[in-house]
Structure formats: structure tokens, C-alpha cells
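Visitor: Attaching a single structure in C-alpha cells format; questions to follow.
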Amino acid sequence: MDTLKAGASSGSSSGGSSSDSSSVPAAYSSSDDQSETVYVTDTGSKYHRAGCRYLRKSQIPMSLSEAKRQGYTACSVCGG
């Protein structure tokens, strides 16, 4: 925390930023993973954020950590 870059927003994966980061790197050990809700579909292999255009017919909510545990990867459009 004491060596933050001079950026206005906390874009690093440290700290408790609520799922507000627009480009989250594939950091698999974040405590936000358990509280952040993402959505998967019946047939897809990606997880999505609410409002993604690929969530038309089915939206199955689950935690980000559970989606990763089940092998889902982030959507390239919404960033998962």
C-alpha cells in the first residue's frame, strides 16, 4: 500500500476495491472472488458480468471463485 503508483484509481489487485475495476487481470487469489457475483450460461464456458450481451437466454448466478473453480474463464467482451 505504501508504494502505490501515482494513479487516481487503485488499479492493482491489492486492497478492497469493490468490483469496479474495468480491466481485472487474471488474479486468482482475491478475496473479492467470493463476494463478486458473475453469471454463466447453460451451454457456455465463460463467466460474464451482469448486462453482458451474451447473457440473453440463461443467466446462472454464482460467485467468481466458484466459476473459476468449475473451469469457467472470463468473457472477452465484458471481462467476466
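Visitor: If packing is taken as the mean number of other Cβ atoms within 10 Å per residue, what is the order of 69-79, 51-61, 35-45, highest first? Can you show the working numbers first?
Guide: Numbers: 69-79: 14.3, 51-61: 12.2, 35-45: 16.0.
The packing order, highest mean first, is 35-45, 69-79, 51-61.
Visitor: Can you list the HN-Hα couplings for the range 56-65, worked out from phi with the Karplus curve (6.51, -1.76, 1.60; θ = phi - 60°), rounded to whole Hz and with x for Gly and Pro?
Guide: Listing the rounded values in order: 8, 8, 10, 9, 9, x, 7, 6, 4, 5 Hz.
Visitor: How charged is the neighbourhood of Ser76? Take every other residue with its Cβ under 15 Å from the Cβ of Ser76, and add Lys/Arg as +1 and Asp/Glu as -1. Could the numbers behind the result be given before it?
Guide: Details: positive: Lys46, Arg49, Arg53; negative: none.
Around Ser76, the surrounding residues sum to +3.
Only the coordinates and a few stated rules stand behind these numbers; no lab work does. All of these numbers come straight from a predicted model, not from anything done at the bench. So basically every Cβ, Gly included, is an ideal-geometry build from the backbone, and we count neighbours across all protein chains shown.
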